[in-house]
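Readers should treat all values here as calculations from the given coordinates under stated rules, not as data from a laboratory. A quick note: this is a predicted structure, and the numbers were derived from the prediction, not measured. Because the Cβ atoms are built from the backbone with ideal geometry, glycine has one as well, and the counts that use them run over all protein chains shown.
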Amino acid sequence: MNLAKEFAAAGPGCAVANGLLNCFETTKVKLQLHNHAKPVYDTPTTRGVMMQIAREEGIVRGLMTPGLSASLTRSMLYGSYRVGLYSTTKEWLSGDGKDNLSHRMLSGMFTGGLGSMISCPLDVVRTRMQADAGVVRNGKYVTGLKKGDAVRYRGMISAFLTIFKEEGLKKGLYRGASVTVLRASLLNGAQLASYDTLKRSLNWKEGPALHFFCGFASGVIAQTAVMPVDTIKSQMMLGSGWKDVFATLRRNGPFYLYRGLAPACAGQGLIMVLQMPLIEEFRRLLGIKAI
């Protein structure tokens, strides 16, 4: 019963936060995949990309809604596992209930990896829908990264069916799964372990102020740690292989792996500012102790 409550508190909290801040995820994906040899955005910075998308496509259509249906569905599923199983796993690892940093890190890595393995197809669909997003006229994109190309997907279900039909499961819906699971493991391990540890270290009264501060800090810490894997993941989900990744690295240098860091940290930090207090409040309402 407790585990069901843990899932019920985690899923909706993650979905609400990710949905409200989908604009940062969209911008991050656009920046990561922007081709400087054939530039689409006049100023390839976080502000520049967001301003150009808002001007050409509108704030809601261009920034807030690309891949939103896939993002919400993924957040409900992935969030339920990544946070919902965390406390149970941590208690099992510690045995006597006296957990340490390694228990927290390992618990977060396990639950994040498991959740990602299950929700990987939704991650692929979301990334592709965000990468493709743009204004369409006569069946072709006239703005965005796919400018001049025909529309591939009409929505989340269309994307699922098209990817499965044309590319299959392993090379389509689970493309880049190893990198995706690695990224989720590292991100979740760093985020939940730092959140949990910061809460204990600060000795503040349990409440919104503690949840907001620790949530934002843990989001920035986790995203910075995982950014290189995040960039590789986005590239692989669009069809690239390891040879393409290494070629891009040789061409652009190692700092390419941190392209889009600012919107990624802003997005992850703000997501956690919303997500962790919501999850903690849902836990309180359901009679579960705070993380």
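Here the label points at Ile118 and Leu202, each 7 Å from Cα along the C-beta direction, are separated by 2.9 nm in the simple model. Here the simple spin-label model places points 7 Å from the Cα toward Cβ, and for Lys165 and Asn35 these points are separated by 2.6 nm.
Using the Karplus relation 6.51 cos²θ - 1.76 cosθ + 1.60 with θ = phi - 60°, the per-residue 3J(HN,Hα) values for the range 205-219 come to 5, 4, x, x, 4, 5, 5, 5, 5, 5, x, 5, 4, 5, x Hz, with x marking Gly and Pro. Three principal axis extents of the chain based on alpha-carbon atoms, in descending order, are 60, 37, 37 Å.
If you take the alpha carbon atoms of the range 180-271 and fit the smallest convex hull around them, that volume is 89 Å³ per residue.
Does the range 154-214 come out rounded, prolate or oblate by the C-alpha gyration tensor, with a ≥ b ≥ c the root eigenvalues, rounded set by a/c under 1.5 and, if not, prolate when a/b is larger than b/c and oblate if not? Since a/c reaches 1.5 but b/c is at least a/b, the shape of the range 154-214 is classed as oblate. For the range 155-253, the relative contact order works out to 31 percent when only alpha carbon pairs closer than 8 Å and six or more residues apart are counted.
For the range 96-180, the fraction of alpha-carbon pairs lying more than 19 Å apart is 52 percent, rounded to a whole number.
Go ahead and set up a Gaussian network model of the chain, Cα springs under 10 Å, then flag whichever of Arg183, Arg104, Arg137 fluctuates most. Checking each option, the largest mean-square fluctuation is seen for Arg137. Pairs with C-alpha atoms separated by more than 20 Å, drawn from the list Lys171/Lys233; Lys140/Lys170; Lys38/Lys171, are Lys140/Lys170; Lys38/Lys171. For the chain, the relative contact order comes to 25 percent (Cα pairs under 8 Å, sequence separation of at least 6).
Dividing the radius of gyration of the alpha carbons in the range 13-127 by their Kirkwood radius gives 1.13 for Rg/Rh. Each residue of the range 264-275 was assigned a 3J(HN,Hα) from its phi angle through the Karplus expression (A = 6.51, B = -1.76, C = 1.60, θ = phi - 60°), giving 5, 5, 4, x, 5, x, 5, 4, 6, 5, 8, 5 Hz with x at Gly and Pro. Rounded to the nearest 20 debye, the dipole magnitude of the range 1-58 is 100 debye, with +1 charges on Lys and Arg beta carbons, -1 on Asp and Glu beta carbons, and the Cα centre as origin.
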